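Colleague: Input: one structure, supplied below.
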Amino acid sequence: MKNKFIVDTNVLIVANEDVNRADKDALECIEACCNEIENIYRDGKLVLDIDGEIENEYGKHLRPDGSPGLGDYFYKWIHDYGYNPRYCLRFKINKIGDSYREFPQDESLNTFDLSDRKFVALACAADKEPIILEAKDCKWLNFKEIFSHLQIKVKFINENYLRKIYRNKFGCEPE
């Protein structure tokens, strides 16, 4: 059985970054994001929402012609294969105000970023089977324990780099 993945937009943005301008840590993150995308092509299934909220967010940051980066290519691939159940599964998520019916009703998630709730809601709508891929949004680290407790799978593509970003941004370790 193929692993199922939900891809946060920042994974695709990082996959598009210029390797010639990246320091060692950023380069490792770019390579890891590219590897994760290639794993989805080869051995996984992408999970998206039926109403296209995630694709719309991708469209604000990626080029639909598929170039110049791997993130752009992935976006084009979604356009070409996103309705083929061999490659992609779609689930309904129901927007309620700034959140979703499927988003866990847990007090410790009250401060979780509203714009990222769609990824978590989608994982819940898909029976918590998909792995959410996260690359560069360091605030997700503050919720690592609660996601684990709720059996929501989040893979931090390069957690050491993400922790470094967090320390540089907030001057402390994640909660």
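The values are calculated or read from the model by the stated rules, or taken from the named source; none is laboratory data. Only a predicted model underlies this, so the values are computations on that prediction, with no experimental measurement involved. Ideal geometry is used to build each Cβ from the backbone, glycine not excepted, and the neighbour counts take in all protein chains shown. Just so you know, the surface numbers come from the protein's heavy atoms only, side chains and all, with ligands and any DNA or RNA stripped out. Shrake-Rupley method; radii C 1.70, N 1.55, O 1.52, S 1.80 Å.
Colleague: Kindly sort THR111, THR9 by accessible area of their heavy atoms, largest first, with the probe set to 1.4 Å.
Modeller: Correct descending sequence by accessible area is THR111, THR9.
Colleague: Also, I was wondering about something else. Which one, ALA32, PRO104, LEU122, projects farthest toward the positive side of the charge dipole computed for region 10-134 from Cβ point charges (K/R +1, D/E -1)?
Modeller: About the Cα centre, the residue reaching furthest to the positive side is LEU122.
Colleague: Within the chain, which DSSP H helices have Cα atoms that stretch 18 Å or more along the helix axis and a mean Kyte-Doolittle hydropathy of at least -1.0?
Modeller: TM-like helix candidates: 24-43.
Colleague: Okay, moving on. Place a +1 charge on the Cβ of each Lys and Arg in region 17-172 and a -1 charge on the Cβ of each Asp and Glu, then give the dipole magnitude about the Cα centre in debye, rounded to the nearest 20.
Modeller: About 140 debye.
Colleague: Further question on the same structure: Considering only protein heavy atoms, with the full assembly of protein chains and a 1.4 angstrom probe, order TYR83, TYR73 by accessible area, largest first.
Modeller: Greatest to least solvent exposure: TYR83, TYR73.
Colleague: Take the Cα gyration tensor of region 87-175, multiply each eigenvalue by 5, square-root it, and list the three semi-axes largest first, rounded to whole angstrom. Spell out each step's value before the answer.
Modeller: Working: eigenvalues 109, 45, 25 Å².
That gives 23, 15, 11 Å for the three semi-axes.
Colleague: Could you give the nm distance between label points at ASP113 and LEU27, where each point is 7 Å from its Cα heading toward the beta carbon?
Modeller: Distance between label points: 2.7 nm.
Colleague: May I pose another question? Can you spot the lysines whose alpha carbon is less than 27 Å from LYS2's alpha carbon? Ignore those fewer than 8 places along the same chain.
Modeller: LYS2 reaches LYS45, LYS76, LYS92, LYS118, LYS128, LYS136, LYS144, LYS153, LYS155.
Colleague: Could you tell me the calculated FRET efficiency between ASP80 and ASP127, based on Cβ-Cβ distance and R0 = 25 angstrom, to the nearest 0.05?
Modeller: Computed FRET efficiency for ASP80 and ASP127: 0.40.
Colleague: How are the C-alpha pair distances of the chain spread across 10 Å bins, as whole percents from the shortest bin up?
Modeller: The distribution over the chain is 10, 39, 38, 13, 1, given as percents.
Colleague: Would you check the accessible area of GLU129, probe 1.4 Å, heavy atoms only, in square angstrom rounded to 10?
Modeller: 70 Å²
Colleague: Skipping prolines and chain starts, which residues have an amide H placed within reach, meaning under 5 Å, of the one on ILE93, given they are 5 or more residues away or on another chain?
Modeller: ILE50, ASP51
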